[in-house]
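The values are calculated or read from the model by the stated rules, or taken from the named source; none is laboratory data. All figures in this text were calculated on a predicted structure; none of them were measured in a lab. Note that we place each Cβ from the backbone using ideal geometry, even for glycine, and neighbour counts take in every protein chain shown.
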Protein chains: 2
Amino acid sequence: MAKPQPKYLSGDAAAINEFLDRFDTFLFDCDGVIWSGDHVFERVPETLELIRSRGKKIIFVTNNSTKSREQYLSKFTKLGIPATADEIFGSAYSSAIYISRILRLQPPRNKVFVIGESGIENELRAEGVPFIGGTDPSFLRDMTPQDWRGIADGSLLDPDVGCVLAGLDMHVNYLKLSHALHYLHRGAVFLATNTDATFPSNGSLFPGAGSIGTAPLAYMSGKTPLALGKPSQAMLDAVEGRFRLDRARTCMVGDRLNTDIQFGVEGGLGGTLAVLTGVCKLGDWEKEDAPAVPGFYVDKLSDLLVAGSSSG
Amino acid sequence: MAKPQPKYLSGDAAAINEFLDRFDTFLFDCDGVIWSGDHVFERVPETLELIRSRGKKIIFVTNNSTKSREQYLSKFTKLGIPATADEIFGSAYSSAIYISRILRLQPPRNKVFVIGESGIENELRAEGVPFIGGTDPSFLRDMTPQDWRGIADGSLLDPDVGCVLAGLDMHVNYLKLSHALHYLHRGAVFLATNTDATFPSNGSLFPGAGSIGTAPLAYMSGKTPLALGKPSQAMLDAVEGRFRLDRARTCMVGDRLNTDIQFGVEGGLGGTLAVLTGVCKLGDWEKEDAPAVPGFYVDKLSDLLVAGSSSG
C-alpha cells in the first residue's frame, strides 16, 4: 500500500495560509528547526512573530536535556527569539515532573543518579527531587583502585539511589557509567530523558542522549529505560496538563521523523510539519522503515513567511 | 524440543579424567575464568599445571582489548601463572591482524581511529598500522567551541582515517565519540575488538567494550561493526593460523555463553566447558534465549584438580 505523501508548502502562499488557519497551537522542536547549536536559522524570529501575530499559541518542545527551562529562556533571549519560560518544555523538565509526580519514589530510597548536565539537575531541584552524579566534579576523573573495589562491593554506592536518569552528558566517563550500571543492578528504576541518537549542531550531527546515556546503559545492564522525551507521550501529557490543548487544532513542527513527527502522529495531533534543516532529509518518509510520515513539509521554517507577505 | 544439558563435572574424578582425555588443546578465556581483575581464582595455577602435565596445549583467548600480548604476559607473570606470549590471543591482536592482513587499507586512507587503551595501540604498532586517538592525551579533555566547529566542518578531522576500531576505553569521552561518529559518517570501516556488554572485575561486573565503544557508536551512526573478538570466528581463524588446531580435539573454556561457548560451538570445536566464576550462572543455558549451551560445566576451574589427585 502506498504511504500517504506529505504536502509540500514552500513557495505556496495559499497552501501556507490554509495550513496556518487549521491550527491554534504550534509545538516547535528547537534543535534543527529554530537553530543548530548557537546558530539561529535565517528569519526564524520573524516567522515565529508572524505565527504569533495570527493569534496562535507557540510552545517549544525539545528533547535536548542539557538545559532547564530557565536556561533555555536565556538562550532564546540571547539569540533574539521572544519567548517565556512557560512556553518551554524540555525533556529534563518532563523527566523531573515524571519522577516527582508519577514515580513518587518513597524515602529513603528516593535519590536519582544522574548522567547529564545541569539542565537536568536544575529541573530536579525545582521539583524537590534529591540527586547525585550529574555535574558533581568528584565524578570527573579516572577510576582508582578504590573505585573498582568500592563500586564492586557497594561501599562507594549510595543506598538511597532508587532511580538512574540518563540524558545527554558531554562529560560522560567510565566512572559515572560504572556507578549507573551498579545502581541498575541493584534495582534502580531506569529512565531516559530522551533517546535521540544524535543532535544537530554547527550544521552537523553530534552524539545525542540516546547514544551517550541510554545505549551504553541499556546494553551493559540488559534493561530498557522508560524515555520521557519525544516521542514518549509523557511529554505531550505534560504539555497538555499545562495548557488544555485541543489536539485536533495543534500542529507539531520538527526535523525528526522518529521523535517529532511520530510524537505528533501518536498523540493524535491535527497536523505535523517536517522541516528539512535538521536530521530528516527529503524523502526519508518514503523509506520502508520510516517511523512516521509528516502531514506537511517545508525546506526551512522561514518558508512560512510567504504567508505573511501575501496576506499581511 | 528439550535442549541438550551440559554434563556437570565438579567432584566427579572419573568424568573429569574422561573429559581431559578427549582433548589435546584447551582454549581459555581469562576474565571470569582465570582471574577477576587482579584476583587470581583459587588454585588456578595448579590447575593449568595439571593440564599441561597431561601433555595438553593451552592457549589463552581473551576478548579484553585493553592489553597487548606482551602486556598480558606481564600480567600472567605477575600473578604467578606460567605462560608465553605465543600462547596469548587477545581481541586487540585479533583486530590488528584483521586490519593489516585482511582489510589491507590502502594509503593514504589507511589510518585507524582508536577508541581504546594501549593494548590496541601496541598491537597496531606491531603490525605497522598507523593510528590516531586511543590514549593520545590531546583527546583527554572537554569539547571546546573550536572542536564543535572543526569536527562539524571536517577541518579538525584527519582525511587519512579509513577505519574506526572500538574497544574497551576507560577514558572514553564525548570528544573521542564525536570524532569517531564523524569518521563513520565519512565512510570509515567500523570494527569492534569485541562486543562484551560487561567484564568481570573485583567479583562484580563493569562496563565492557560493547557498552563503552560499540553500542554508542552503533546507535549514533546507525551502522553495525564487524566484531573481531569471540564469538567472531575471525579470532578462531587467527588461533588456527598459528597452531593448526584439530578442532575436534579442542575445548573452549569460558564464563560467557554469548562469547566463549557460542565461539566454541560455532567453530565446531569438540567441546566447550563453562565455569561459573564469571558472568554465566547455573542454568543460564536453560533460558529460552540462551545463545549457546556448553557441553560441560564446573563451578570453578580448579574443580578439575580432582583429576590430578585421583589419577596422579
For segment A:50-70, which residues satisfy the criterion of being assigned to a helix (DSSP H, G or I) and buried (at least 16 other Cβ atoms within 10 Å of the Cβ)? A:Leu50, A:Ile51, A:Arg69
Residue hits (segment A:2-24; modelled with pLDDT under 95 and closer than 24 Å to A:Asp246 by Cβ) are A:Pro4
Residue count, segment A:51-67 (criterion: touching a helix residue (DSSP H, G or I) at 6+ places or on another chain (Cβ under 6 Å) and farther than 17 Å from A:Leu301 by Cβ): 4
Here is a check on your reading of the model: is A:Lys281 more than 19 Å from the chain's Cα centre (by Cα), closer than 20 Å to A:Thr62 by Cα and either without any contact (Cβ under 8 Å) to a residue 24 or more places away in the chain or part of a loop (DSSP other than H, G, I, E, B) (or both)? yes
Of all residues in segment B:124-147 being within 11 Å of chain A (Cβ to nearest Cβ) and acidic (Asp, Glu), which is nearest to A:Gly203 (Cα to Cα)? B:Asp147
Quick check: is even one residue across segment B:215-238 among the polar types (S, T, N, Q), crowded, with 19+ Cβ neighbours inside 10 Å and within 26 Å of B:Asp86 (Cβ to Cβ)? yes
Being more than 14 Å from chain A (Cβ to nearest Cβ) and not hydroxyl-bearing (Ser, Thr, Tyr): is that true of B:Gly150 here? no
Could you tell me whether segment B:222-245 includes any residue that is under 17 Å from B:Asp31 (Cβ atoms), in contact with a strand residue (DSSP E or B) (Cβ under 6 Å, 6 or more places away or on another chain) and modelled with pLDDT of 95 or more? no
Test result for B:Val253, modelled with pLDDT of 95 or more, hydrophobic (A, V, I, L, M, F, W, C), over 23 Å from B:Phe113 (Cα atoms) and out of contact with any Phe, Trp or Tyr (no Cβ under 9 Å at 6 or more places or on another chain): no
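So that you can scan it fast, the table gives a plain yes or no per residue for (1) under 19 Å from B:Asn64 (Cα atoms); (2) crowded, with 22+ Cβ neighbours inside 10 Å:
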residue	(1), (2)
B:Val114	yes, yes
B:Ser118	yes, no
B:Leu124	yes, yes
B:Gly128	no, no
B:Ile132	no, no
B:Asp136	no, no
B:Phe139	no, no
B:Pro145	no, no
Looking only at helices (runs of 4 or more DSSP H) that fall completely inside segment A:153-272, which ones have 1 or more residues that are within 14 Å of another protein chain (Cβ to nearest Cβ) and in contact (Cβ under 8 Å) with a residue 12 or more places away in the chain? A:174-185, A:215-221
Where A:Pro200 falls short, out of the listed (1) in contact with a strand residue (DSSP E or B) (Cβ under 7 Å, 6 or more places away or on another chain); (2) surrounded by fewer than 21 Cβ atoms within 10 Å (Cβ to Cβ); (3) at pLDDT below 95: (2)
Restricting the search to segment A:124-152, which residues are touching a Leu at 6+ places or on another chain (Cβ under 7 Å) and part of a helix (DSSP H, G or I)? A:Phe139, A:Asp147, A:Gly150, A:Ile151
Kindly evaluate B:Phe76 against the criterion of being free of Cβ contacts under 8 Å to residues at least 40 places away in the same chain, surrounded by 16 or more Cβ atoms within 10 Å (Cβ to Cβ) and either at positive phi or more than 14 Å from every other protein chain (Cβ to nearest Cβ) (or both). yes
Within segment B:79-106, track down each residue that is within 19 Å of B:Arg52 (Cα to Cα) and touching a residue at least 12 places away in the same chain (Cβ under 8 Å). B:Leu79, B:Gly80, B:Ile81, B:Pro82, B:Ala83, B:Ala85, B:Asp86, B:Glu87, B:Ile88, B:Phe89
If you go through segment A:7-35, how many residues are surrounded by fewer than 18 Cβ atoms within 10 Å (Cβ to Cβ) and closer than 26 Å to A:Asn202 by Cβ? 1
